[in-house]
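Contents: one structure, followed by commentary.
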Amino acid sequence: MAQIIALNSIFERSPAKHKKFREVIVFVHHYGGNKHSFSRHIEWVNELGFDAVTFDLPQKNLSQLTRLPISKDWNVGLRHIWAEKIEEVLGSMPESKIMYSFSFPGVAVLSAIARRHAIDVKGWVAEGGPFKHLMVGIESLLKEENVETVLDERTDGRLIRVLNWSVKKIGFARKLLAETTGLAFGLIHYDRDVDQALKVLPTGFPILSLRGEKDALVQPYMIDDFFAAGAGHLNLQKALLPHAGHLQGFRTEGELYRQLVSAFLVDHSTRV
């Protein structure tokens with residue numbers, strides 16, 4: 001087990017037993033996960049010689065969406081309040097960082113890096129996202145999470161019979177829920193904001209984009225379209241994991257996965 005040191009309420013730091021690199025790996029968990037979701041990844045990067053940092057995103061699952069998320073600068077959507085949290089974490093550490101994100105919250109990682117003009121971020125590993133075609137992803141998410149169960153959790157049983165009947169029997173109810181979820185995720189100006197943030201990143205900024213060929217939640221074309229605006233000036237490496245589903249690369253493609261990621265991390269790091 002990695003040794004975890006809680007420095008403050010902002011993040012937890014797992015130091016490498018034998019530190020070899022100056023950069024800190026900052027993990028950003030997937031929607032529905034938490035700061036301990038990728039503990040095996042953290043232990044692994046510790047073994048490589050990197051310190052690692054992890055933290056919880058605010059409102060990190062559907063059951064916590066009790067109100068519309070609005071950022072400090074009055075932008076609507078989870079991606080905006082997540083970006084604020086990520087910026088807070090980055091600003092709390094003096095070292096250079098390498099970001100390591102999973103699925104949709106990667107869009108908030110992009111925003112945070114772009115706002116800081118990548119001054120202290122040396123690279124970015126992005127698995128299973130982020131992605132464009134946001135509504136396609138949300139509809140897949142609702143199916144994956146079993147929307148009836150989510151509604152049960154949110155309402156504590158109140159009106160649940162009516163809501164369950166509506167979602168199961170009336171097509172527009174599911175569509176309305178998907179559109180409401182899209183608004184909560186930050187659908188407004190989503191594509192525009194992504195393209196603008198990519199263009200702000202410095203020329204040659206390195207990104208390793210990992211995607212599973214068997215990913216039913218986020219298909220590779222959705223990730224390709226996300227990064228399209230930066231294709232001309234970013235150092236974007238794409239890796240298709242042939243046997244992996246959504247965020248399953250570490251488990252199903254162990255040797256290949258570790259080889260790809262470790263090479264990227266080492267190439268963009270400084271030895272102590």
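What the table below lists for this structure:
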{"item": "Search result, residues across the stretch 105-124 that are within 10 Å of the chain's Cα centre (by Cα) and of a type in the set (A, V, I, L, M, F, W, C)", "result": "Val107, Ala108, Val109, Leu110"}
{"item": "Any hit, the stretch 234-255, residues being under 23 Å from Glu95 (Cα atoms), in contact (Cβ under 8 Å) with a residue 60 or more places away in the chain and either part of a helix (DSSP H, G or I) or over 17 Å from the mean Cα position of the chain (by Cα) (or both)", "result": "no"}
{"item": "Matching residues, the stretch 189-233, being of a type in the set (D, E, K, R) and part of a loop (DSSP other than H, G, I, E, B)", "result": "Glu213, Lys214, Asp215"}
{"item": "Test set (1) within 19 Å of the chain's Cα centre (by Cα); (2) modelled with pLDDT under 95; (3) surrounded by 14 or more Cβ atoms within 10 Å (Cβ to Cβ) - Thr180 fails condition number", "result": "(1)"}
{"item": "Selection count where residues are modelled with pLDDT of 95 or more and small (Gly, Ala, Ser), scope the stretch 65-114", "result": "9"}
{"item": "Among the candidates Leu247, Leu240, residue that is of a type in the set (A, V, I, L, M) and more than 18 Å from Ser37 (Cα to Cα)", "result": "Leu240"}
{"item": "Meets criteria (within 13 Å of the chain's Cα centre (by Cα), over 23 Å from Leu198 (Cα atoms) and of a type outside the set (Asp, Glu)) for Phe102", "result": "no"}
{"item": "Flag for Ala16 being in a loop (DSSP other than H, G, I, E, B), closer than 25 Å to Ala263 by Cβ, at pLDDT 95 or above and touching a Phe, Trp or Tyr at 6+ places or on another chain (Cβ under 8 Å)", "result": "yes"}
{"item": "Some residue of the stretch 256-266 being assigned to a loop (DSSP other than H, G, I, E, B), surrounded by fewer than 16 Cβ atoms within 10 Å (Cβ to Cβ) and at pLDDT 95 or above", "result": "no"}
{"item": "Residues of the stretch 67-86 satisfying the condition of being at positive phi and either of a type in the set (Ser, Thr, Tyr) or over 19 Å from the mean Cα position of the chain (by Cα) (or both)", "result": "Trp74"}
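The values are calculated or read from the model by the stated rules, or taken from the named source; none is laboratory data. This one's a predicted model, so the numbers in the text were calculated from it and none came from an experiment. Ideal geometry is used to build each Cβ from the backbone, glycine not excepted, and the neighbour counts take in all protein chains shown.
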